[in-house]
Each structure stands twice: as C-alpha cells, then as structure tokens.
C-alpha cells in the first residue's frame, strides 16, 4: 500500500497550517519505543524497508487531492501546496535486524516540517508492527535452542499484509521457512508445508491418504498423524514409508495433544521400525514459552511450526512507540507533559563494551563503541540499494551473541537500559528550561 | 491484496494431489471459532466482504504459475489444472455486524475440494482478524455508554491493511469517525483529527499555536491542551476561543494524566468562562476497561479517541478459529483428535427467544427462531451486491439489544453457549462412529 492519504487527518491539518504560514524549516522527528513490554528483554529493529519505500514514492495523486478538496474541504491554496510535496529529506536509522532498547531512536527523519509531519502515521505503523513481530520471533529463536523454526502464522495474522511482514521478519531472525507462498515468492524464502486433517478425512482411510500423498510428493512428505489416533497414525506412517521405500526425506507432524510425550513415543516407534532418519515436526499453539518447555524437556522434535501467537505477538501485540519532534528550525525541542518526557536533538546510539549510550549525533563515540544509526536517505534518495534479509539476519545473529543472559531469558527477562551521554543530558536540561519558559508565557504567568 | 498465492503451501500440495487423482467432488468447509477468549462475552461477525471479493476474483496469474513450476517444482499437469481453477462454489455466511458465539459457523464454503481447500488460508485470515477487531470495538461501544467514539488506531495497528479493516469494523459497531484518511475515503467514513504536541512545540508559545490553528480551521478546532501543563493549557484555550469568538464548534483534547480528574477541572474552567458548549475530548491508551471506569465515574468527557489497544485487540489479539472439512462427496466428516472434536455436516444457526441452536442446514427452524446463515454466493457469484457499513451497523445494533446482560459485561463476561439440535447431534454420533471405523482400518486393528 502506498499514497499520501495513508495518514491521520490531524497530520494533514497540521501540514496545511504550516504550509499556509510558510513554516517549512527543517524539523527532526525521532521514532523510538518508550518502554519495553514486561515480557521483552530486547527489541529487534524492523520495518525500515517499508518506510523507505513509502518515503521514496511519497506524493499526492490527483484523486487524493480531489478527495481532500471536495470531501474534506481544504482550500485551493492548500491543495496546490500538497500537490508539490515530495519527501526530499534525510533519514538516519538503525538497520533492520539489530537489537535495540527503550528510548533508542529506531529512525530519525529530518525534513521541512509539513512533510516530516505527514509521514508520521505510516512510519510509526510499519516500524511498530514489524519490530513487534521481529522481537517476538527472536524470542522463539532463543527458546528453540537451535531446532528449526517454520512460520505458520498466515491464517491468523492481522490481515494478509501482516502475514507478509511476519514471513519476512521471521526470516530475519533465523526461521528457516514459511508456509506463506506469496511471501516466499516475494522475499525469496523457502516455502514449507505438509498436509491438513481435511486431506486425511477426504480419503476412505488414513493409510490411503498417506499413500496417495507420498506417491504424489515423494520428495517432500510429512505425514500428519493425529487425525484419528496419534500413535496409530505413526504406525500407519511407518507402514507406508516402508512399503514405498521412502525413509530418507520423510517426516511426521504432531499437531495436538501432549507434544513432548507424543514425540517421545513416536520417536521410539520410528526407531524401533528402523527409521531413525524420519523427522518429527511439531505444531499447534506454539510460542516461545511452549518451545522453551519442549526443548528444556529434551523432546525429540526436529522442527517446529510456529503460528498464531508469534504472528500477532500475542503477549505483547504492540509497542509503546512514538514519533516525537526533537528539533525545529535548529532549536531543540522536548515535551513536558506529565508522564511523557522526551529527549531533544538529533541523536545517535553508541554500542560499546559497557552497554549502549544515547547521545547526540555529532558526538564522538565512546572508546570501542559503534554507532547504531546510519544515514539511509539523503535528499529523499536512498544512500544504498535495499538491504537483503540475509544481511539483516547477519546483524541479528551478531547482536544476539552479545546480548546479556538476563535479556535473553524467556521468563521474566530484564532489558538493559541505555545510558544518556553528558552532552545529551545537558541539552535536555536546556530544552526543558526553554519549554518551561514557553509554558509560562502560554499560561500568562 | 488478491491472488491465489495468498495461501499456505500445504493447501497447494493438497489441491495438487486432489486434482491429480480426479478428486473433485463437493466439499463443505465450516469456518467457526472454537472457544471465545475469557474476556469476550460475544463476537461480532466481520470480514465476509473481503472473503467474497477474494473468491470472486480467485485465479492463478501466469506469473504465479511460473513461480509454482520453476521454483516450487510442480509438474506440468498440475500447473495446467491450477490454470483452470476458479471459485464456482456456494457460500453461506452470517452477515457482517451480527453477534455470533463459539462453534457457530461464520461461513460455510461448498465447492470441489481442490478449490475449497485452496481458499482456506485467506478466508480464515480475514474472518479471524476482522471479527477479532469488531468484537473488541463492540466492547468499547458498550463501555462508552453512548459517548462518541473515534478510531485513532492507525499508527499502531499490525500494518496499514489492518488499519483499513479497523476503521471499517469500528464504523460497523458504531464509532462515529476515524482518524485514518485513506479509510475515510475508501469506506465513506467521517474523518476526524485534532493536532499533535509537535504542532504546539513548533510555535514560540502554546497560545500562538492555538491561535494559528483556530485561524486556519475555524470550523473544526480541537485544542490539545496537555503539551506543557494541562490546566494552564485549558486557560490558554479559553483566551483564544474568546479572543476569536469561536465558542460554538470548538473543543479541547486531553491526552495524558488522570483523565477523569483533568476533565472535571477542565469542565469547570470552561463553564466558569461561560463556554459550556466547548466539548472535551479524551484520548491516550484507552480501551473498554478505561472507558468503563471513566464513564462509570461520570467524567465530563464528550468524545473518546480509542487507539492502539482496540486496534490490535490487545487483550485477545486473535481467535481460536478453524476451517474444518464437515462434508465430502455427500459424506459427513468429523475430526477426532484429542482436544479438537468437530461437528459434521452443512449447518445453520437458529436464533430464537431461548437462545441459539446449531442445527443442520435443511432443518426447520424452532418456533420463533431466525436462521443466521444466508446464501451469499452461488456458482461463484454473489447473490447480492456488497452490503453497506450502515446495514452491518443496523444488524449489530439489533443483536446488541438482545444480548443478555452477562455477555455485555466489560469485566468477566459470560458468553452464552449455543445448543446443538437433535438432528445435528444424531449426525455427529454417526460420523464419529464412521471416523472410528476409519481410524481402526488405518491402524490395521
């Protein structure tokens, strides 16, 4: 989806007011997550690619302008001003796949304030959602302890576009395949899938269903064994596998019941039948908590299909993300309102041996520290071609290695907190004093 | 989004196997929710319109077929068979906006089994997600006790497509407007919006920001008063409103802090200033629980902006929905596996004075009962033009009236349970006996 109407009405009203008043000095907005959900020890940055695509093609089509004029009643001068708008600003961002923490900017936009404001809604939407999913899927990776993971979420994600993002972000954090065929095509992922219970039920017997499927797909068969009785199903699979001489690349799938116990029994049946290479695949309501229990218990499962709970990030389906004005016309800006204090200025995050420090963009990095934000767009053009999923994954793997144990925990993780550099703290004090003066003037005191 | 690749790989494998074997007798699949989340006393049917659009245009494009052939390795005969597939089946469904309960089919598809199977993923995705959101938003309606609600969710929904569905389904359950401009255009909704903190911060003072905005949009101003100090902000708004003589259609918005207490203080300031017609608008992390507290406490708030928690259905972000084969080639089908027993046959739901009864489609309705499922597609064509949001809303309002008090409760609701008709119970017994025979044959016992 694209288009300048992918925005909230108030963005249009504010942009219209700015344009009318000739207020078009550069504004910097910072997109970050204020607090992590209690069940998250870290986040994984995602959604940048969608943002850059959106910004690259940002403009109002004639039919957009007609709607704004005829239905929403914007005046002709505003419509004219909207017609000319493009995104020609600068974007710094944390590359996809990197680990990020609360208050660390994922993305900073600098552009004339009307357009920098207009793009808020879409940028927030994409970064929030994709980071939510990447972070949840990363926890599944940790809980799987090296066992292969496959994205099975398509049927219950919050829409089909969401399913595409889920397939893409799970690949970024190391899932080996997706059931989602359109996503596999679009992003060059491996498509994976077995059979449904309905397939078994459409045949006179389970055995006939297995035999038919094995004949039709001899090199990619996984028999779903729990339609009638799981362990009987395993024995039926053994008979068909032997009969057709297909032991090498086959597997069975468990999709209900006590997966750990059924996997053990199934493994024993397969081993006793001389089929140690037949793999056991498990699915059905899995998330990182269930994966953690299964892998801790040493259940003999060779791959997991992870669906709904991961695909909507069921225990934390959104993030407390914001897109805040931090500088306008060279002046650092903060918000004072009660529980929502922000940090001013264009920022950088420095990741060093003793943790992360949020500082100002111009600062020298602390010794041994690496800046997380890189320029990804200048004058409205990407600085580099779109990154690949493999690159994002490599960044994720490197950052994951360095994450402290308490952040990686599945139950009750503790998120590290980024420190604030001295220069940023000083700027924040000054900007707060300035904001208080403005508040005082505004209230006439 | 459209296209036959919006599916899971296993659907393609099963369809290919069916096509190869000439298995194309009619199958009926039933889409229903097995259990309601504990925090839901009812569901509101939604997503049908997207399903019918998808089915109407279902086909494989040449580039889809190329991918299936070249990358996924389907053989030429299968590709040829896929090329000819269209959805020419029958669909019965509960119209959007109606209240539904656990185990009640939201939708039943009857078509040759290859195509009826292929469409599973997309139909489940749309019905699950849109019903999830409509049900959550309906609870917000109940909690608001007649106060106007506006959809503010776009920035943190799970993608932009999700935001469109949220705007549409919230309108179905009686939200009066949305902040989402593209959705307002697409669905003919009222767009609403105020201003962001960044707007205030971009001006030298709050007062100047208010004055500028009021001059630019004299007929739709809502001043956001909590950027610096909320009650000072209210007083500033009073001054600007008086100065510009704009009391009639104006409002103020509270977006942080203790909304009930701030609303009372703000109301007093406005009333004392002789501005009783200035409306108070509240937003910021609201969901049905917060709305319930605010309206119970009698907070003088005239409209609520409801965002993220509603837009992702934060306390229940998915439903335990399934798409189950219930009949194939005239034979009723059930699944036996442990915790997932299903009911066979083509069904109907009868809603009468003593509650809902799930029966068979051919049954006579119990006295005074009304059938919920209606034929919406025959031979692949819609039986009627697309319904309007107003029609869905009228159905919702009528069903809401009849919902028992315990289902409408915000905290610890109790969902009514549908009864099973005698004819359906008898068919279920027979189909279970048949399935047990098949399981016995399959396991060689």
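Every read-out reported here was derived from the displayed coordinates using simple, explicitly stated rules and does not represent laboratory data. Computed from a predicted model, the values in this text were never measured in an experiment. As a convention, Cβ positions derive from the backbone with ideal geometry for all residues, glycine included, and neighbour counts pool all protein chains shown.
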Quiz prompt | Sorted by Cβ neighbour density within 10 Å, fewest at the top, the residues A:308, B:147, A:169, A:388 | solution = A:388, B:147, A:308, A:169
Quiz prompt | Cα long-axis angle, helix A:120-144 against chain A (0 to 90 degrees, to the nearest 10) | solution = 30
Practice problem: For residue B:425 and residue B:187, compute 0.36 nm times the residue count separating them, minus their Cα-Cα distance, and round to one decimal in nm. | Solution: 81.5 nm
Quiz prompt | Candidates B:187, B:67, B:328: whichever shows maximal mean-square fluctuation once chain B is modelled as a Gaussian network with Cα springs under 10 Å | solution = B:67
Quiz prompt | Of all DSSP beta bridges in the protein assembly as shown, antiparallel share, percent nearest 5 | solution = 65
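Do you know the relative contact order of chain A, to the nearest whole percent, from alpha carbon pairs under 8 angstrom that are 6+ apart?
Working: 852 pairs, mean separation 102.4, N = 445.
Reported as a whole number, the value is 23 percent.
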Quiz prompt | Ellipsoid equivalent to segment A:138-311 - semi-axes via the Cα gyration tensor, in Å | solution = 26, 19, 14
Quiz item: Across every pair of different alpha-carbon atoms, what Kirkwood hydrodynamic radius in Å does segment B:295-396 reach?
Solution: 18.3
Quiz prompt | Tail weight of P(r) past 16 Å, computed on alpha-carbon pairs of segment A:60-102, percent | solution = 54
Quiz prompt | Residue of B:72, B:372, B:291 that the Gaussian network model of chain B assigns the largest fluctuation, springs spanning Cα pairs under 10 Å | solution = B:72
Quiz item: Sorted from shortest, what are the nm distances separating the label point of residue A:430 from equivalent points in the other copies, each placed 7 Å from Cα along Cα to C-beta?
Solution: 8.5
Exercise. Tell me the Kirkwood hydrodynamic radius of segment A:125-173 in angstroms, computed as one over the mean inverse distance between distinct C-alpha pairs.
Key: 11.0
Quiz item: What's the center-to-center distance, using Cα atoms, between segment A:244-286 and segment B:394-413 in Å?
Solution: 46
Quiz item: Which whole-number percentage describes the relative contact order of segment A:138-311, with Cα contacts under 8 Å and a sequence gap of 6 or more?
Solution: 28
Self-check item: Label spacing, shortest first and in nm, from residue A:354 to its equivalents in the remaining copies (7 angstrom along Cα→Cβ)
Solution: 7.6
Exercise. Relative to the longest principal axis of the C-alpha atoms of chain B, give the angle of the C-alpha long axis of helix B:160-172, reported between 0 and 90° and rounded to the nearest 10°.
Key: 80
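Can you give the average number of partner chain beta-carbon atoms within 10 Å of each beta-carbon in peptide A:69-75, as a whole number?
So the per-residue partner count for this stretch is 2.
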Quiz item: Put the label 7 Å from Cα along Cα→Cβ for residue A:145; what are its distances to the other copies, in nanometres, shortest first?
Solution: 5.3
Quiz item: What angle do you read, to the nearest 10 degrees and between 0 and 90, between the alpha-carbon axis of helix A:259-272 and the longest principal axis of chain A?
Solution: 40
Exercise. Grab the eigenvalues of the alpha-carbon gyration tensor for the protein assembly as shown, scale each by 5, take roots, and send me the semi-axes largest first in whole angstrom.
Key: 49, 33, 24
Quiz item: Among A:130, A:158, A:348, which one shows the biggest mean-square fluctuation in a GNM of chain A, springs joining Cα atoms closer than 10 Å?
Solution: A:158
Practice problem: Could you please state, rounded to a whole Å, how far the C-alpha centre of segment B:52-108 is from the C-alpha centre of segment A:111-148? | Solution: 30
Exercise. Count, for each residue of A:316-323, the Cβ atoms from other chains sitting within 10 Å of its Cβ, then give me the mean as a whole number.
Key: 5
Exercise. Only Cα pairs under 8 Å and at least 6 apart count here; give the relative contact order of segment A:1-121 as a rounded whole percent.
Key: 47
Quiz prompt | Computed [θ] at 222 nm, helices only, for chain B once each DSSP H run of length n ≥ 4 contributes -39500 (n - 2.57) | solution = -12500 deg cm²/dmol
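Expressed as a whole percent, how much of the Cα-Cα distance distribution for chain A exceeds 35 Å?
The proportion of pairs with Cα distances above 35 Å equals 41 percent.
What does the highest-first list of B:81-88, B:300-307 look like by mean Cβ count within 10 Å?
On the way: B:81-88: 17.0, B:300-307: 22.2.
The packing order, highest mean first, is B:300-307, B:81-88.
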Quiz item: Just counting partner chain Cβ atoms within 10 Å, what average do the residues of peptide B:16-22 show around their Cβ?
Solution: 4
Quiz item: What number, in nm² with one decimal, is the all-direction average of the projected area of the convex hull of the alpha-carbon atoms of segment A:344-393?
Solution: 4.9
Practice problem: Enter the Cα centre distance for the pair segment B:4-40 and segment B:159-230, rounded to the nearest angstrom. | Solution: 42
